[in-house]
Structures are given as C-alpha cells and as structure tokens.
Amino acid sequence: SLASRVWRKDGAPILSDLQKHLISDIDRYLDLDDSPRSDIFLNFHPLSPGVLVCLLCILLWSLATLRELRDAQQCFSAVLSIPKARRTEFDGRHWAAISWPRCAGFLGVCTLRVAATLALCYAGIIWMARTTTIADLVLNAVGLAAVLECDELIFAAAMPWKIKVSVEDLAVIAVSVNSRCKHMGSLLLVGSLLGVIVASYELHLVPLVDDMIHVKNLTCGGNQDFVIGQNPKSGDVTVLLTRESGRSVGQQSLLQV
C-alpha cells in the first residue's frame, strides 16, 4: 500500500513525496531508524541530535542577544556618568558635559535598543524551536546572527565620513563599576542563560518532539496494508485491505501506474 511505501521511504510514488520527506526529517531530527512498526520508538532518546542542535543554536543566539544587551547597558551607564549642562561641551577628545535633551535622546535610543533586542531574542528562540530540520536550524542561526549586525552595517555604509571620524576620535568614557555588582551581573547572566535553555526545552521542544512522535505514529504505526478509494459521483469512500505481494518495488509501481 501507499502507507507502507511511505514508511519504507520508497521514492517511486510521486504523490507521497511530501510525506516521505516529512518522515525522513523526523527520523533525522529524533535519530529514529527504520525499525519494525512495533519497535519504531524503542530507541528514541529525549536528547536526540535535533534537540541538541536546537538547544545549541538557542544558546548561541541567547549569548549574542545578551552581548547586545550588555553593550546597551554600558552605553546607558556611560551617558549617565557624563556631567549634565545646558550645552554639550568637549575637552579635546573627552566629553566635558552633555546637554539634557541630548542625554534624553541617548537614553531613548538605548531603551529602544534593549526593547528590540529582547523582541528579537524571543522571536528567534520561537523560530528555531519550531524548525524541524537540522540543516535549516544551522542556516536560521546564522541568519539571526546577521540581524544583530544591521546597525553596524548601516553605520559603516550610510554614515558620512566626517561623523564616523569624529565618533572614532572620541576618547573612551571611564565608568566605575562596583566589584560586587560585577559579580552579581555575571551570576545573573549565567542564571538567565540556564533559564532560557530550560524554558525553551520544556515549553517548545518537548511539545515539538511529542508532535513529531504523534505524526510518525499516525503515518507509520498500525496496519498499513490497505488502500482507499472514493467514488467521484456518489462521494462514497471505500477501504480495502491488501496483502504483501512477492513482486519487487519497481513491478508494484508499474502495476499501480
């Protein structure tokens, strides 16, 4: 029958290409072999190759977004450490004072940067957690990493040369950080990464794996020796049981055609 040939990944039937590729992707994602129908899921492990690759991509994406958040936090602290005045003043290459409107503008940009980074982090995790092929997981992770570089590409390509030289010529702003706060920030960073990984696994990957197992069970489990036909005039559906034939796969395909 067509169902049994989908389970065997027979490439002859043209109408079952979608189902065949779906089953192949599930087998590679969950590391399932072509076992007998009653033993399909005996060798399944919760940390299959697809799950591990997905968790690794989510970890790398989380690290990239956390780096962006730390850069925004450092920019926020640097702007707040500059003395405030009615006008912005420079002492050579150093900031002597910054005006209140310009300070508010900087802080607003930093706030938008943080909001956009958090939204991208959440959307990227959802996107990778719903990807069902290992090859697409790697491509999606690379594509997401390129999204965070858009602001630097725009600055390098569209910003006038005079402004770029002026920005690069500014001296680094020294920000004093308490050592205790630094250690607490590191611990918070590690805790956030662990929380993201555990939440992604429990909330997204476990339901995805359950759906894959359910699809594989519906497609490849139970009795597969049957054919279905529908009367085009009356709309009645007829189901007939079939039996294994001694013909080869090529001969069966020729007879079915």
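The values are calculated or read from the model by the stated rules, or taken from the named source; none is laboratory data. Because the structure is predicted, anything quoted here is derived from the model rather than measured. Note that we place each Cβ from the backbone using ideal geometry, even for glycine, and neighbour counts take in every protein chain shown. The accessibility values were calculated without ligands, DNA or RNA, using every heavy atom of the protein model including side chains. Shrake-Rupley method; radii C 1.70, N 1.55, O 1.52, S 1.80 Å.
Condition test on residue 168, is it charged (D, E, K, R), exposed (fewer than 10 other Cβ atoms within 10 Å of the Cβ) and without any contact (Cβ under 8 Å) to a residue 24 or more places away in the chain?
Considered against the rule, which asks whether it is charged (D, E, K, R), exposed (fewer than 10 other Cβ atoms within 10 Å of the Cβ) and without any contact (Cβ under 8 Å) to a residue 24 or more places away in the chain, residue 168 comes out as yes.
Of the residues in the stretch 72-110, how many are free of Cβ contacts under 8 Å to residues at least 24 places away in the same chain and touching a strand residue (DSSP E or B) at 6+ places or on another chain (Cβ under 8 Å)?
13
Going by the structure shown, is residue 163 closer than 29 Å to residue 91 by Cα and either free of Cβ contacts under 8 Å to residues at least 60 places away in the same chain or of a type in the set (Ser, Thr, Tyr) (or both)?
yes
Report, by residue number, each residue of the stretch 82-125 that is exposed (fewer than 13 other Cβ atoms within 10 Å of the Cβ) and within 19 Å of residue 64 (Cα to Cα).
Matches in the stretch 82-125: 111, 112, 115, 119, 122, 123.
Filtering the stretch 45-67 down to residues that are open to solvent by 80 Å² or more (accessible area, probe 1.4 Å) and not in a helix (DSSP H, G or I), which residue is farthest from residue 124 (Cα to Cα)?
My answer is 45.
Taking the stretch 20-44 as the region of interest, how many residues are at pLDDT 55 or above, basic (Lys, Arg) and open to solvent by 60 Å² or more (accessible area, probe 1.4 Å)?
Result for the stretch 20-44: 1.
Among the candidates 158, 141, single out the residue that is of a type in the set (Gly, Ala, Ser) and surrounded by 11 or more Cβ atoms within 10 Å (Cβ to Cβ).
141
Filter the stretch 180-195 down to residues that are open to solvent by 70 Å² or more (accessible area, probe 1.4 Å) and farther than 23 Å from residue 83 by Cα and give me whichever is modelled with the lowest pLDDT.
Result: 182.
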